[in-house]
Amino acid sequence: MRALVVGAGVGGLTTAIALRRRGIEVELFEAAPGPRTSGGGLGIASNATKVLRALGVDLPAAGVGRVCERFELRTARGRPLRELPIRSITEELGAPVVNVRRSDLAALLRDALAGTPVHHGVEVARYDRVGAGVVVTDADGRTHAGDVLVGADGIRSVVRAQAAGPEPVTEHGYVCWIATVAFAHPRLPAGGAVHYWGNGQRFGLIDVGGGHAYWWGTKNLPPDGARLRTDPRQDVLRHFAGWADEVRQVVSLTPAADVVAVPAQDRPFLESWGDGPVTLVGDAAHPMLTSLSQGASSAIEDGYALAHHLAAADDPAAGLRRYEEARRDRTRWLVSASRRLSRVEQIGHPVVAGLRNLAVRHAPAAVVRRQNIAPMRFELPT
C-alpha cells in the first residue's frame, strides 16, 4: 500500500511515521519551500506524548522540549490565582506534558522518518479518484499516484476544500500573537507554564528548554487587528502595558520579525472527513481553538489511529472509514470544549472577569483536576 500525505507539519509527519511502522509506503508533499526553523511553541499533552512514545519518539529522552513540572494561573499583574495539579495528572496518566518549540518537534519527527520522501515547495492543486486509488496533481501539473490520500494541510486544507466543498472559517473575535525567544526570569520556574488572565486578554509564558521561552498573548479584537500591522510587537507592548514585569520583558526581548499574529479561528465540525481513498487528519479535519492545548496533540492521536485502522483493514477505504468513526466523537468534543473554555478565558467585562477569577481561585480541587485531566485521557487503539 502507498499513502500520499499532503502537509508536513506535526500531524502529517506523525501520520507518516505511524504508517511507516505499519509497513505502508509514504510520500509527503509540503507547500512551504523548506522546513520551518522559527515560529511558536506547542504544549504536547500526555495523550500525545504517550502516542509518540509508542511510535519510538520520546521527547524527554531525545532532549527535545521541557517536561512541564508546574502550571500556574496568575492575574494580569502577576498575583497568583491557582496552581493546576499537573504533576499528579501526568503521574496518573503515565506520560508527561512536554512544552517544545514547534520547529524542534518537527525536526525530531523528520529524523524519525529518515528515508521517507518529503517534497517541499510542492503545492497540491487537486486530487482525482482513479479506480480504487487516487492521483494528486500539483500546481506545476505533475501527478502522483497512491492507494490513499491523507490531507494534513491545516485549517485551509486543499484536500478538505475539494472533499467537503467551500466553507468559511469561524472567527472568534480575538487575536493571538506568538513567538519564542531566549529568556530567563525568576518568575518563570524551570519546567514552568504560567498563564496570566486579564479582561478580554490573556498571556502565556512557557519554558520550552534550551534557555528559551514560548510566549503568546491574546486580545479581543476583530480579525483585521492581526492582519494590518507591520510591527505586531509594538501592538503587544501597547496592549499589555501595566502587566507583570516578566510579560513586558519577554515581549521587549523578542525581535519584531519573530512575532506572528493570527486571528482566533476554527471551523464548524465536519462529520464526514473523506470519501473512498481520501481522509483528513489534524486541523484539516477538526481545527480547534488553542484553549485546551489539544490541536497538535489530537493530530498526533489521529495519525496513530489512522495507521492502526488502515493496516487492520482488507480494503483501504473501509479502513479509513473505521478511523474516522473511531475519532469522530472525541475530536467533536475537543472542538466544542475548546470553544467553551475560550469564551470563559476571553471574558471582557471587568466585573464578570473578576467573578471568573474568584471562581477559579476557590473551585474545589477535585473539580479542577477532573476538568484538566479529561482532555488528556486517551487509550491507544488495539
Exercise. Relative to the longest principal axis of the C-alpha atoms of the chain, give the angle of the C-alpha long axis of helix 295-312, reported between 0 and 90° and rounded to the nearest 10°.
Key: 20 degrees
Exercise. Kindly sort ILE206, ILE178 by accessible area of their heavy atoms, largest first, with the probe set to 1.4 Å.
Key: ILE178, ILE206
Quiz item: Normalised by the number of residues in segment 1-123, what is the relative contact order in percent for Cα pairs under 8 Å and 6+ residues apart?
Solution: 38 percent
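Report, to the nearest whole %, how much of the accessible area of the chain belongs to carbon and sulfur atoms, 1.4 Å probe, protein only. Can you show the working numbers first?
Details: 8350 of 15940 Å².
The C+S portion of the solvent-accessible surface of the chain is 52 percent.
Please tell me the relative contact order of the chain in percent, rounded to the nearest whole number, where contacts are Cα pairs under 8 Å and at least six residues apart. Walk me through the numbers before you get to the answer.
Details: 806 pairs, mean separation 83.6, N = 382.
Over the chain, the number comes to 22 percent.
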Exercise. Take every Cα pair under 8 Å in segment 249-382 that's 6+ residues apart, average their separations, divide by the length, and report that relative contact order as a whole percent.
Key: 23 percent
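Per-residue counts of other Cβ atoms within 10 Å, averaged by peptide: what ranking do you get for 128-140, 35-47, highest first? Don't jump to the answer; show the numbers that get you there.
Numbers: 128-140: 14.6, 35-47: 20.2.
The packing order, highest mean first, is 35-47, 128-140.
How big is D, in µm² s⁻¹, for segment 7-139 by Stokes-Einstein at 37 °C and 0.692 mPa s if Rh is the Kirkwood radius over C-alpha pairs?
On the way: Rh = 17.1 Å.
In µm²/s, the coefficient is 192.
So what is the accessible area of segment 250-340 per residue, in Å², with the probe set to 1.4 Å?
Working: 3040 Å² over 91 residues.
Accessible surface, normalised per residue, equals 33 Å².
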Exercise. Could you tell me the largest-minus-smallest coordinate of the C-alpha atoms of segment 1-85 on each of the three principal axes, in descending order and whole angstroms?
Key: 55, 29, 19
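DSSP beta bridges in the chain, what fraction antiparallel, as a percent rounded to 5? Spell out each step's value before the answer.
Working: 48 of 69 bridges.
If I count the DSSP bridges inside the chain, around 70 percent turn out antiparallel.
Tally Lys/Arg at +1 and Asp/Glu at -1 over every other residue whose Cβ is under 11 Å from the Cβ of GLU25; what's the total? Before the final figure, lay out each step's value.
Values: positive: ARG2, ARG20, ARG22; negative: GLU27, ASP147.
Combined, the nearby Lys, Arg, Asp and Glu give +1.
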Practice problem: Based on the mean of other Cβ atoms within 10 Å per residue, sort peptides 156-169, 88-101 so the most packed one is first. | Solution: 88-101, 156-169
Quiz item: For segment 1-132, with every protein chain kept in place, what is the accessible area per residue (1.4 Å probe, Å²)?
Solution: 43 Å²
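Net charge near ALA307, counting Lys/Arg +1 and Asp/Glu -1 over other residues with Cβ under 10 Å of its Cβ? Don't jump to the answer; show the numbers that get you there.
Working: positive: ARG20, ARG21, ARG22; negative: ASP302.
Combined, the nearby Lys, Arg, Asp and Glu give +2.
The values are calculated or read from the model by the stated rules, or taken from the named source; none is laboratory data. Model, not experiment: these values are computed from the prediction. Glycine gets a Cβ as well: all are built from the backbone with ideal geometry, and neighbour counts include every protein chain shown. With ligands, DNA and RNA removed, areas are computed over all heavy atoms of the protein, side chains included. Shrake-Rupley method; radii C 1.70, N 1.55, O 1.52, S 1.80 Å.
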